[in-house]
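Readers should treat all values here as calculations from the given coordinates under stated rules, not as data from a laboratory. Predicted, not measured: the structure shown is a model, and the values here were computed from it. Here the Cβ positions follow ideal geometry from the backbone for every residue, glycine too, while neighbour counts run over all protein chains shown.
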């Protein structure tokens, strides 16, 4: 059994006076895929956004690879890090969002090489070589000079995955990666993600695709009202949930 | 179904004959178009045949040295104002969008003041700055001065004009740039943050290029406004296009034809700028549509081929 790459403990987060996360504990081991499921408004996306500090947290802590994310501890208090330090932490954590958010004014190739060149300081030749390989890996070889709007939703999402992978992250976060896609395009994105899991990438996936969770996840976490209700291997949690709330939710989505 | 049609579907699928579609006739359109053309023709005829326009005088002075020098002044004033104004305006927009309430307030206050004061009034203030501050000093605030100069020496008519036009332009530019930045989807910034990009780089590489799509049309408007706005500098006897023709007609009293000289030049420069704007907009539209529409030039070439 390998060590935990992500360790979240007693994470609290509220927007104004509305609590969203009320003490979440979660561990993700190196090389494992964790799928987070739950009803809308349960805090799934917020949880992911806390892992790369797109959201400031109210209490608790998030650790990735043994490093506290977004804060440093001094005399029993958490001090928020400077932008530059947070930026460095984010560079090692890939994120793919529901709306792809490719940069529309840049071509596919430019989208993928932008951060490796600008953030990691890679030379153009090296960045282009890496990008070309990744674009091929997500099945879109030859589309490097297309603009995002010339691609289908599924193709855009695959490029978004390639763009995140170009930073060679140690962890990939997926925030409902297929929710904005037409049903017939969902499969191609999930296939790329399954390949990635196969290759040993550590992944946290917020999803409504139960079939994907069943086949690819090592652990499924059910989140409701800002708390982890239960977690376990998909064979147990999806088949024989222990809690009534989980059963209720699964009955509605399966 | 007529038997002669090449594209006739298989006989089993259709039995009823296909009727021809006749669009609604709109006689009103023809009548109104004809009326407008008649009025237009009458106007053109009167302009061409009315001797008071003195088109021969217009032609004579159109490329006179004084006029061309005035045109040159107008052009460099416009360019300088645009560049400085947008540089300052972008800085103001960044302040306005920063999280710092003091900087936001200062930026807001600047825009409020400089949009409220008419440009001409402002130019007069700058020209008379010596009355407000007889000397300008460089030193530590509330402390000793290092250098001190008389402001009347420093701010002559040209400097007053450049300062006034720039500060005025910056107030509008700040709002144009801010509007453009706000129009870029927040998800773009988040995607860039998630890739580990810093704030400055995100603004330069991701936000501003996309903001340009809404900035360029507004900036083109501002540029044309500035071009014509520079004519107020003639009040301070700065020898721009308008002041140059005024110099001439004050001597020979050919007021109308010389005003026409200036007018035609303003129209020419504005037309060139509009065409340039079209191509700049096209450049920033890349990626916005699946395919860019052809330029008028490409369309013409396509038709001739």
Output field shielding_mean for A:113-126 (other chain Cβ, 10 Å radius) holds 2
Based solely on its DSSP helices, what 222 nm [θ] is calculated for chain A when runs of n ≥ 4 H residues each add -39,500 (n - 2.57) and the sum is averaged over all residues, nearest 500 deg cm²/dmol? -10500 deg cm²/dmol
Going by the alpha-carbon gyration tensor, a ≥ b ≥ c the square roots of its eigenvalues, is the protein assembly as shown rounded (a/c under 1.5) or, if a/c is not under 1.5, prolate (a/b greater than b/c) versus oblate? oblate
Please label the shape of chain B as rounded, prolate or oblate, based on the square roots a ≥ b ≥ c of the eigenvalues of the alpha-carbon gyration tensor (a/c under 1.5 means rounded; beyond that, a/b larger than b/c means prolate, else oblate). oblate
In degrees from 0 to 90, rounded to the nearest 10, what is the angle of the helix B:208-229 Cα long axis to the longest principal axis of chain B? 70 degrees
Just B:117, B:67, B:147 to compare: in a GNM of chain B, with alpha carbon springs under 10 Å, which one fluctuates most? B:147
Is the shape of region A:4-251 rounded, prolate or oblate, going by the alpha carbon gyration tensor and its root eigenvalues a ≥ b ≥ c, with a/c under 1.5 for rounded and a/b larger than b/c for prolate? oblate
What is the antiparallel percent of DSSP beta bridges lying wholly in chain A, to the nearest 5? 60 percent
Can you show me the helix-derived [θ] at 222 nm for chain B, built from DSSP H runs with n ≥ 4 at -39,500 (n - 2.57) apiece and divided by the number of residues, rounded to the nearest 500. -22000 deg cm²/dmol
Return one number: the angle in degrees, 0 to 90 and rounded to the nearest 10, between the long axis of the Cα atoms of helix B:65-97 and the longest principal axis of the Cα atoms of chain B. 90 degrees
Measure nothing but the geometry: give the 0 to 90° angle between the long axis through the Cα atoms of B:27-49 and the longest principal axis through the Cα atoms of chain B, rounded to 10°. 40 degrees
Scaled radius of gyration (Cα, divided by 2.2 N^0.38 Å) that region B:36-194 gives: 1.55
Inter-chain shielding metric for A:97-103, i.e. average beta-carbon neighbours from other chains within 10 angstrom, reads 5
Which whole number gives the average count of other chain Cβ atoms within 10 Å of the Cβ atoms across peptide B:25-32? 0
